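Derivation of every value follows stated rules applied to the coordinates shown; laboratory data play no part. Bear in mind the structure is a predicted one, so any value in this text is a computation, not a measurement. Note that we place each Cβ from the backbone using ideal geometry, even for glycine, and neighbour counts take in every protein chain shown.
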Amino acid sequence: MVEEFAFDNTEERRKSRQNGTGWIEVIVGSMFSGKSEELIRRLNRARIARQKVQVFKPSIDARYSVEEIASHSGHKHDSKPVSSTAEMLASIMHDTQVVGIDEGQFFDMELIEAVNRLASEGKRVIVAGLDQDYTGRPFEPMPQLLSVAEFITKTHAICVKCGSTANYSQRTVESEARVEVGASDKYEARCRKCFVPHSDSPTIHE
Ligand code: ADP
Ligand code: ZN
């Protein structure tokens, strides 16, 4: 069993803040692993600390609400839907201290340079997203973001088949499109043993 997820970079963050520099935090994992929950938790704490926070999500992800990011467990945070990295950059204000981005895997590759630039300008940037698509392939631009981030958190779900630590998002409907927006109606969390990489496998519909 993988150790229960623990995250404490308080010391590093304190040092970074003293030097006046920004940094990048990336939260990755399968669907239902708690990425949005963790992102919302960090954003709420930044707001309690009276920091200026701006949150974005790709407009492709319209689940639950267009003006909010939401977790499967019902936590919410205001967010602005954007159709590209360029649109996001255009609406980030000079005095914003914390930039939150959910569903990072639906952004274009320009996101990598953009978050690097924002961090270099002194902002704390937190990106959450799927690290793998429904076939288990790395989901760009998340792998590249993991490379440039100062801090990385991997979250895990519970396999719905056997209760083990789940690292995969199993698609449960017929579709070969890489992007098929949905939640428990179209996906379930599975461990390495229970994951079936191909959508045409009969075990998906058992
Ligand atoms: P993500 O952003 O990674 O998709 P969320 O933060 O939206 O995840 O949702 C996490 C929540 O999903 C959990 O706290 C739990 O309430 C719920 N959940 C539903 N199915 C599962 C599962 N198989 N494993 C773990 N959590 C699950
Ligand atoms: Zn399993």
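For region 32-153, give me the percentage of DSSP beta bridges that are antiparallel, rounded to the nearest 5 percent.
In region 32-153, DSSP labels about 25 percent of beta bridges as antiparallel.
Can you compute 3J(HN,Hα) from phi for each residue in region 67-75, using the Karplus curve 6.51 cos²θ - 1.76 cosθ + 1.60 with θ = phi - 60°, rounded to whole Hz and x for Gly and Pro?
9, 9, 9, 9, 9, 5, 9, x, 6
Looking at region 103-169, I'd like the Rg to Rh ratio, where Rg is from alpha-carbon atoms and Rh is Kirkwood's inverse mean 1/r.
A ratio of 1.05.
Extension gain K154-H94, at 0.36 nm per residue separation less the Cα-Cα distance, in nm?
Value of the extension gain: 18.6 nm.
For region 5-156, evaluate the Debye formula with one uniform point scatterer on each Cα (no solvent term) and list log10 I(q)/I(0) at q = 0.08 Å⁻¹, rounded to two decimals.
The Cα Debye sum returns log10 ratios of -0.19.
Working out 0.36 nm times the residue gap between Q144 and V196, then minus their Cα-Cα distance, what length gain in nm do you get to one decimal? Write down the numbers at each step before the final one.
Numbers: separation 52, 0.36 × 52 = 18.72 nm, distance 2.55 nm.
Answer, rounded to one decimal: 16.2 nm.
Go through region 75-159 and name the GluC sites (Glu not before Pro) that are in a DSSP coil and have 14 or fewer other Cβ atoms within 10 Å of their Cβ.
Passing sites in region 75-159 are E121.
Need one number: nm distance between label points at S59 and D108, each 7 Å from Cα along Cα→Cβ, rounded to one decimal.
Placing both labels 7 Å beyond Cα along the Cβ direction yields 1.3 nm.
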